Amino acid sequence: MRGAITTEVTQAMNEQPPNNPLVPDVDEDLVVDLTDAHQGGVSVPTGVAAQPSTAPEDSPQEPHWAPPSVRNRMCLVLDTDDMVQAERSALALMPYFGVVKVGLELFSATGPNAIANLTDFGFDVFCDLKLHDIPTTVGRAARVLGGLGATFLTLHAHGGVDMMRAGVEGLAEGAANAGQTAPKALAVTVLTSDDTALDHVAPERMRWAMEAGCGGLVLAASDLHDAFTLAPRMTRVVPGIRQAGTETHDQARAATPGDAIRAGADLLVIGRAVTHADDPEAAAASIADEVSRALA
Ligand SMILES: O=c1ccn([C@@H]2O[C@H](COP(=O)(O)O)[C@@H](O)[C@H]2O)c(=O)[nH]1
């Protein structure tokens, strides 16, 4: 088992582009050791696995890294209860994804270790817990979560201005206590699985998110136009991404990667379109190519 993960890390890291700020320096003495796994994950103390400076001649064709302009717009959804599986997917798809998402399932299974392990690999971590409770409870939870090293954290905008403000303040306080940069608070406006909300709901929640001090919005691609008008400076994060003609599962308001980027998405949240594909690397490469063409 140790060899399997080490090979995956080595393959992923061999493909790192020069001066990639997301990839930590490699210490040749470091190896990934599954026997060191904690909370089911792979322990990587301060860097990533040792690797040869050149790939062996008989190694299979390696994927090319997507350019930063594409990779930084692609967030891989790690919806699993298995930390080893999550890390394996993240590392295999590292050439295409600069951000990985820890949602309710993985966080419930592993807790904060999921964030620590994935940031150690050099990913930006999107912690998607959609906090939604009374303001005091959200503020206190956010204070804990703010110190964990995530780059983004979600609050449910349905909770209102006071709740989101408590979340934003809690994140800032927790980050300051831990000597970290605060995660950007993202307000989930209307879920992409929901196509029943009345027209005024998403714009109203965007205004609430702005008033509360959130830094970004999670929204369907079809709501991007309103976001540009009402909250032009907020980061726009779009889930429900599917390539044309593919299964949309429970996403009632899905969009293609190209359409979402052309409509102004900053970050695409990509799950089953890749993780349930017969060939996840080929699916990721195809989506990265579509994003690249949409940006051109
Ligand atoms: O409105 C929302 C907010 C969050 N999500 C999350 O994104 C992923 C989507 O996964 P897919 O497999 O690409 O459908 C999932 O973790 C959701 O919890 C969302 O879909 N819509």
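The values are calculated or read from the model by the stated rules, or taken from the named source; none is laboratory data. Bear in mind that the values here come from a model prediction, so they are computed numbers and not experimental data. Reconstructed Cβ throughout: ideal geometry from the backbone, glycine too, with neighbour counts over all protein chains shown. The protein model used for the area step is the full one, side chains on, heavy atoms only, and it has no ligands, DNA or RNA in it. Shrake-Rupley method; radii C 1.70, N 1.55, O 1.52, S 1.80 Å.
Just to be sure I understand the filter: pairs with C-beta atoms under 8 Å, separated by 6 or more residues or on different chains, first member in the range 104-131 and closer than 18 Å to ASP82 by Cβ, second member open to solvent by 50 Å² or more (accessible area, probe 1.4 Å) and outside any loop (DSSP other than H, G, I, E, B). Which pairs pass?
LEU104/LYS130; ASP128/LEU104
GLU169: over 30 Å from SER222 (Cβ atoms) and surrounded by fewer than 21 Cβ atoms within 10 Å (Cβ to Cβ), yes or no? Reasoning before the result, please.
Working: over 30 Å from SER222 (Cβ atoms): yes; surrounded by fewer than 21 Cβ atoms within 10 Å (Cβ to Cβ): yes.
Yes; evaluated as a whole, the condition is true for this residue.
Which of (1) open to solvent by 20 Å² or more (accessible area, probe 1.4 Å); (2) touching an Asp or Glu at 6+ places or on another chain (Cβ under 6 Å); (3) closer than 23 Å to VAL77 by Cα does THR154 not meet, given it meets every other one?
(1)
Based on this model, can you work out whether MET210 counts as under 25 Å from LEU153 (Cβ atoms) and either touching a Phe, Trp or Tyr at 6+ places or on another chain (Cβ under 7 Å) or open to solvent by 20 Å² or more (accessible area, probe 1.4 Å) (or both)?
Working: under 25 Å from LEU153 (Cβ atoms): yes; either touching a Phe, Trp or Tyr at 6+ places or on another chain (Cβ under 7 Å) or open to solvent by 20 Å² or more (accessible area, probe 1.4 Å) (or both): yes.
Judged against the criteria, MET210 is a match.
Look at ASP133 and say whether it is over 23 Å from ARG165 (Cβ atoms), at pLDDT 95 or above and acidic (Asp, Glu).
Numbers: over 23 Å from ARG165 (Cβ atoms): no; at pLDDT 95 or above: yes; acidic (Asp, Glu): yes.
So ASP133 does not fit the description; no.
Is it true that some residue in the range 192-203 is in a loop (DSSP other than H, G, I, E, B), among the β-branched types (Val, Ile, Thr) and touching a residue at least 24 places away in the same chain (Cβ under 8 Å)? Before the answer, list the steps.
Taking the range 192-203 and keeping what is in a loop (DSSP other than H, G, I, E, B), we get 192-200.
Still in the running and among the β-branched types (Val, Ile, Thr): 192, 196.
Still in the list and also touching a residue at least 24 places away in the same chain (Cβ under 8 Å): 192.
Checked against the condition, which is being in a loop (DSSP other than H, G, I, E, B), among the β-branched types (Val, Ile, Thr) and touching a residue at least 24 places away in the same chain (Cβ under 8 Å), the range 192-203 yields at least one hit.
Just a yes or no: is a residue in the range 205-215 within 20 Å of the chain's Cα centre (by Cα) and within 13 Å of the ligand (Cβ to nearest atom)?
The answer is no, given that none of the residues of the range 205-215 is within 20 Å of the chain's Cα centre (by Cα) and within 13 Å of the ligand (Cβ to nearest atom).
With respect to GLY146, determine if the residue is crowded, with 17+ Cβ neighbours inside 10 Å and either acidic (Asp, Glu) or within 17 Å of the chain's Cα centre (by Cα) (or both).
On the way: crowded, with 17+ Cβ neighbours inside 10 Å: yes; either acidic (Asp, Glu) or within 17 Å of the chain's Cα centre (by Cα) (or both): yes.
Considered against the rule, which asks whether it is crowded, with 17+ Cβ neighbours inside 10 Å and either acidic (Asp, Glu) or within 17 Å of the chain's Cα centre (by Cα) (or both), GLY146 comes out as yes.
May I ask you to list the residues in the range 110-122 that are open to solvent by less than 20 Å² (accessible area, probe 1.4 Å) and touching a His at 6+ places or on another chain (Cβ under 9 Å)? Steps first, please.
As a first pass, look at the range 110-122 and keep what is open to solvent by less than 20 Å² (accessible area, probe 1.4 Å): 110-111, 114-115, 117-118, 121-122.
Once the filter is applied, which keeps residues that are open to solvent by less than 20 Å² (accessible area, probe 1.4 Å) and touching a His at 6+ places or on another chain (Cβ under 9 Å), the range 110-122 yields only ASN117.
Out of (1) touching a Cys at 6+ places or on another chain (Cβ under 9 Å); (2) without any contact (Cβ under 8 Å) to a residue 40 or more places away in the chain, what's the single condition that is false for GLY179?
Every listed condition holds for GLY179 apart from (1).
Which of the residues spanning the range 123-141 are closer than 30 Å to PRO67 by Cα, open to solvent by less than 20 Å² (accessible area, probe 1.4 Å) and either within 15 Å of the ligand (Cβ to nearest atom) or more than 12 Å from the chain's Cα centre (by Cα) (or both)?
VAL125, PHE126, CYS127, ASP128
When the range 187-201 is examined, which residues are found to be more than 22 Å from the chain's Cα centre (by Cα) and either of a type in the set (S, T, N, Q) or under 21 Å from ILE241 (Cα atoms) (or both)?
ASP195, THR196, ALA197
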